[in-house]
Amino acid sequence: MQLEDHLGDIIRKIRKANNISVPTAAAAAGVSENELTAVEDTGQTSAKVNFSALARTIGLDGKKLEGIADGYLPAPKDLSIWRGLRVFVSAVDDFTVNCFLIWDEVTRDAALFDTGTNAKPVLDCIAAEKLELGHIFITHSHWDHVEALPKFREAFPRAKIHSGSKSAPVDQRNKNAEIIHLGGLRITHRDTPGHADDGVTYLVGNWQKDVPDVAIVGDTIFAGSMGNGNGHWELARQKIREQILTLPPDTLICPGHGPLTTVGEEKTHNPFF
């Protein structure tokens, strides 16, 4: 799986966030405006780019940006150590969206984190594993993350919905310091607004044999990038620093798009931080 944002996506995303013009960024990079635009469009460049100066101008870490240009990808993850974790990828037009099913191996109690756009593979897994879906956790309410929600509510009408949305019914809103127990697993949440006003990161811990925690982050952070700040870039970056990058380095990060990564990998390689 490739990164959700290629080199050009990252450059354009932060350049626009910081209101840096193409001429200014191109001059810093030592390339023509057309060459910079081509990089932003394709993620590829045949010109020699001064990544250090470009990154300094637009607000990124130069060495990490160059690492993206050199093909950084997070290491493949052996998900077998999280024995009750499955990743489902829905294809939508020209992009994909992730959702995650987690369960306790003993009780078979299950929780779904976001729904993606296609319920069938998840429902098939629930049936095959003989699970009972008791909770649906929403990282944020953008349509691609909740499109299949009606299908799950129809199949499991008693499943409790958890959300950071202030407009959700009171019984569906996350509560401060709330802990949800899924058999022996423990689910807590951290508010991570920025990309979305109701952005939430869910942390799943207490796995057997001291397996690292799992952070399900929605579009807050991606491998090598982050979600669009949508006018709240500083808040988004602050929340990532405070609520995600302070977790132990081996914490598994499960983003809403793109490959899985870890806190340690993103601290080392993500040019936004």
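The values are calculated or read from the model by the stated rules, or taken from the named source; none is laboratory data. For clarity, every value in this text was computed on a predicted model and none was experimentally measured. Here the Cβ is made from the backbone with ideal geometry for all residues, glycine too, and neighbour counts use every protein chain on show.
Could you tell me which residue of region 87-109 is surrounded by the most Cβ atoms within 10 Å (Cβ to Cβ), considering only residues that are at pLDDT 95 or above and more than 19 Å from residue 186 (Cβ to Cβ)?
In this case the residue turns out to be 99.
Return a yes/no flag: does region 248-265 have any residue that is over 30 Å from residue 108 (Cα atoms), part of a loop (DSSP other than H, G, I, E, B) and among the acidic types (Asp, Glu).
First, pick out the residues of region 248-265 that are over 30 Å from residue 108 (Cα atoms): 264-265.
Now narrow it down to the ones that are part of a loop (DSSP other than H, G, I, E, B): none.
Among the residues of region 248-265, not one is over 30 Å from residue 108 (Cα atoms), part of a loop (DSSP other than H, G, I, E, B) and among the acidic types (Asp, Glu), which makes the answer no.
Return yes or no: is residue 115 in the same structural domain as residue 86 (by TED's automatic domain parsing), farther than 21 Å from residue 244 by Cα and either in contact (Cβ under 8 Å) with a residue 12 or more places away in the chain or in contact with a Leu (Cβ under 7 Å, 6 or more places away or on another chain) (or both)?
Working: in the same structural domain as residue 86 (by TED's automatic domain parsing): yes; farther than 21 Å from residue 244 by Cα: yes; either in contact (Cβ under 8 Å) with a residue 12 or more places away in the chain or in contact with a Leu (Cβ under 7 Å, 6 or more places away or on another chain) (or both): yes.
Criteria met by residue 115.
Given the criterion under 27 Å from residue 2 (Cβ atoms) and either assigned by TED's automatic domain parsing to the domain that holds residue 19 or in contact (Cβ under 8 Å) with a residue 60 or more places away in the chain (or both), identify the matching residue among 61, 94, 109, 104. So that I can check it myself, show each step before the final result.
On the way: 94 fails: either assigned by TED's automatic domain parsing to the domain that holds residue 19 or in contact (Cβ under 8 Å) with a residue 60 or more places away in the chain (or both); 109 fails: under 27 Å from residue 2 (Cβ atoms); 104 fails: under 27 Å from residue 2 (Cβ atoms).
Exactly one residue qualifies, and that residue is 61.
Considering 224, 231, which residue is in contact with a Leu (Cβ under 6 Å, 6 or more places away or on another chain) and not aromatic (Phe, Trp, Tyr)? Please lay out each step first, then the result.
Details: 231 fails: in contact with a Leu (Cβ under 6 Å, 6 or more places away or on another chain).
Every option except 224 fails the conditions.
Being among the basic types (Lys, Arg) and at pLDDT below 95 narrows it down to one residue among 48, 16, 63, 77; which is it? Write out each step before concluding.
On the way: 16 fails: at pLDDT below 95; 63 fails: at pLDDT below 95; 77 fails: at pLDDT below 95.
Among 48, 16, 63, 77, only 48 is among the basic types (Lys, Arg) and at pLDDT below 95.
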